[in-house]
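Read through the structure below, which is laid out as structure tokens, and then see the notes.
Each reported figure results from applying straightforward, stated rules to the coordinates on display, with no laboratory input. Everything numeric here is computed off the predicted structure, so don't read it as measured data. Cβ coordinates were reconstructed from backbone atoms using ideal geometry, including for glycine residues, and neighbour counts include every protein chain displayed.
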Amino acid sequence: MIQKLFFYASPQNFYPLAGKLWPVFACLATVLTVWGLWLGMFVAPTDFQQGEGYRIIFVHVPASWMSMVIYLAMAFWALLGLTFNTRLSGMMTKALAPTGAICAFLSLWTGALWGKPMWGTWWVWDARLTSELILFFLYLGHIALTNAIDDPRRADKAGGILALVGALNVPVIYFSVKWWNTLHQGASVSLTKGSSMAQVMLEAMLIMGVAFWMYAAAMALYRVRSIIVVRERHAQWVAELPEVKAQMMKNASGGTKA
Amino acid sequence: MIWNSWNDFWAMGGYGLYVWGSFGVTALCVALEIVWVKNARAQALTQIAHELVAETNSKEWS
């Protein structure tokens with residue numbers, strides 16, 4: 001098992017694995033989204049307090065969950081990279097960041113569109129909203145920092161430290177509704193107390209949550225393949241990839257014409 | 001099915017702007033990200049192929 005993990009820690013071995021896995025995650029994401037949206041938009045009943053406006057929950061909660069989960073995943077890869085000095089870790093951290101940034105943005109955007117009709121305001125500087133905004137900036141900071149450093153290994157180190165330190169913000173977001181008096185409501189789903197929602201609403205939300213998870217996995221795996229080939233471009237195995245050879249043929253034929 | 005008509009569905013009980021504003025932008029972000037990662041991959045492959053062709057050419061000449 002451990003040996004297998006180390007085997008796939010090498011970019012050369014991870015590249016084909018990621019190539020096999022991303023279509024599986026993409027298919028799962030598609031099927032689960034269709035199922036979750038069907039349940040959420042056509043089966044789940046009207047909420048007695050919020051009318052139909054509550055349906056924003058089916059994108060807001062999954063996006064918010066994934067914004068936190070992806071950051072923790074980045075911190076996990078960063079920790080691996082900084083302790084074992086594996087090359088793949090930095091590439092995975094980098095591949096996850098854009099999807100995480102999009103999830104954090106969607107969390108804020110859908111939250112504003114939900115806040116306006118229910119609270120009467122697009123935005124308040126309360127603990128939950130502010131810490132989520134900080135998370136969004138941490139993602140942007142990570143992308144900017146790793147892109148600004150030319151040497152990829154040094155970029156990985158700097159990005160890894162930012163990912164690790166920034167991860168402290170994730171529990172702050174999660175517990176902010178408990179620690180402070182916020183306009184944002186408390187958790188609708190809790191591990192200890194169960195759920196305060198109707199069964200179908202909860203099911204739809206959880207299915208959408210898993211769908212977002214699968215989507216994020218597909219995106220990160222797809223993106224990491226592009227990062228791997230560029231960073232390992234001087235290795236023989238990259239030159240022998242069929243997709244690289246095909247592209248070389250195309251370039252060569254285009255080149256003679258020009 | 002809980003809706004009486006498609007009009008009802010799109011109106012979302014008066015919350016249409018907020019609900020569809022949320023779902024619409026989410027769908028847009030997903031679509032943009034997919035286009036974006038596909039472009040990045042195509043670009044990466046073109047760049048590598050370009051360098052490899054240049055390398056083999058320079059070897060042939062030397």
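Note: relative contact order over the range A:96-212, using C-alpha pairs below 8 Å and six or more positions apart, is 22 percent. How many percent of Cα pairs in the range A:30-89 exceed 19 Å? Of all Cα-Cα distances in the range A:30-89, 53 percent exceed 19 Å. Using the Kirkwood radius over Cα pairs, work out the Stokes-Einstein diffusion coefficient for the range A:101-185 at 25 °C and 0.890 mPa s, in µm²/s as a whole number. Using the Kirkwood radius from Cα pairs, D works out to 175 µm²/s. The C-alpha atoms of chain B define a longest principal axis, and helix B:16-61 lies at about 10 degrees to it. In the range A:205-258, the C-alpha radius of gyration followed by the widest Cα-Cα span (Dmax) gives 17.2, 55 angstrom. Structural descriptor for chain A: relative contact order 32 percent, calculated from alpha carbon pairs under 8 angstrom and at least 6 residues apart.
Per-residue shielding of A:2-8, expressed as the average number of other chain Cβ atoms within 10 Å of the residue Cβ, stands at 0.
Mind checking B:30-42 for the average number of partner chain beta-carbons within 10 Å of each residue's beta-carbon?
Going residue by residue through B:30-42 and averaging, the value is 4.
Determine the shielding of peptide A:96-104 by partner chains: average, over its residues, the number of Cβ atoms on other chains within 10 angstrom of each Cβ. Walk me through the intermediate numbers first.
On the way: counts 0, 0, 4, 4, 0, 1, 6, 2, 0.
That works out to 2 on average.
Averaged over residues, the count of other Cβ atoms within 10 Å places the peptides A:142-148, A:104-110, A:45-51, B:47-53 in the sequence A:104-110, B:47-53, A:142-148, A:45-51, highest first.
Could you pull out the pairs from A:4/A:178; A:20/A:94; A:94/A:116; A:178/B:38 whose alpha carbons sit more than 31 Å apart here? Going by Cα-Cα distance, A:4/A:178; A:94/A:116; A:178/B:38 fall outside the 31 Å limit. Computed over all pairs of different Cα atoms, the Kirkwood value for the hydrodynamic radius of the protein assembly as shown is 21.6 Å. Sorted from greatest to least, the principal axis extents spanned by the alpha carbons of chain B come out as 76, 20, 12 Å.
In chain A, which helices (entire DSSP H runs) extend 30 Å or more along their own long axis, judged by Cα positions, while averaging at least 1.6 on the Kyte-Doolittle scale?
Passing helices, by number: A:57-84.
Stokes-Einstein diffusion of the range A:1-55 at 10 °C, 1.306 mPa s viscosity, Kirkwood radius from Cα pairs, rounded to a whole number: 109 µm²/s.
Calculated mean residue ellipticity at 222 nm for the protein assembly as shown: -27000 deg cm²/dmol, from DSSP H runs with n ≥ 4 weighted as -39500 (n - 2.57), summed, divided by the residue count and rounded to 500.
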